[in-house]
Amino acid sequence: SHQLTPYKTVDESYIDNPNYNEKVQFEATYMGITSWADDNVNYYMPPVEYDVLKVGSHYIVLEDDYSNHNLYGNESCHVHLEGVFNTTEVTFQPFNDTMIEAHVFSAEKIEVQ
């Protein structure tokens, strides 16, 4: 008997155009965190810094602040993610001196491989 998982395994093409709130799992590469923190800018409320991951040529950011995930410092590690895209909108985030277009992923499980 094979174990039934509610998480559908998806690939790069799915990440480019995800379904709303569908339980999915995939492998990604951890890239680091967004780069909102600029020494020359004083924010009244600093923006959230997100974890940035890449699947093929597509970026995702994890939903809440990077400090909640224990990924920072694991750059270029492979990560197994399970959860949902609870919005299908893309977000634009600063990363490595450029703006990236990313889908926001709400992870229920994160495992560094």
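Among the residues making up segment 39-55, those that are modelled with pLDDT of 80 or more and either in contact with a Phe, Trp or Tyr (Cβ under 7 Å, 6 or more places away or on another chain) or among the acidic types (Asp, Glu) (or both) are PRO47, GLU49, TYR50, ASP51, VAL52, LEU53, VAL55. Cβ-Cβ contacts under 6 Å between residues 6 or more apart (or on different chains), taken from a first residue in segment 78-91 that is more than 15 Å from TYR30 (Cα to Cα) and touching a residue at least 24 places away in the same chain (Cβ under 8 Å) to a second residue that is among the acidic types (Asp, Glu) and surrounded by fewer than 18 Cβ atoms within 10 Å (Cβ to Cβ), are listed as GLY83/GLU108. Taken over segment 70-109, the criterion of being over 21 Å from TYR7 (Cβ atoms), open to solvent by less than 50 Å² (accessible area, probe 1.4 Å) and not hydroxyl-bearing (Ser, Thr, Tyr) is satisfied by ASN74, GLN93, PRO94, PHE95, ILE100. Yes or no: TYR20 open to solvent by 40 Å² or more (accessible area, probe 1.4 Å), aromatic (Phe, Trp, Tyr) and modelled with pLDDT under 95? No: the conditions fail for TYR20.
For segment 94-113, a tally of residues being among the polar types (S, T, N, Q) and assigned to a loop (DSSP other than H, G, I, E, B) returns 2.
From the list VAL90, VAL104, which residue is touching a Ser or Thr at 6+ places or on another chain (Cβ under 7 Å), closer than 18 Å to ASP11 by Cα and among the β-branched types (Val, Ile, Thr)?
Just one listed residue meets the conditions, VAL104.
The values are calculated or read from the model by the stated rules, or taken from the named source; none is laboratory data. All values derive from a computational prediction rather than experimental measurement. Cβ atoms come from the backbone with ideal geometry, glycine included; neighbour counts cover every protein chain shown. Side chains included, ligands, DNA and RNA excluded: accessible areas come from the protein's heavy atoms. Shrake-Rupley method; radii C 1.70, N 1.55, O 1.52, S 1.80 Å.
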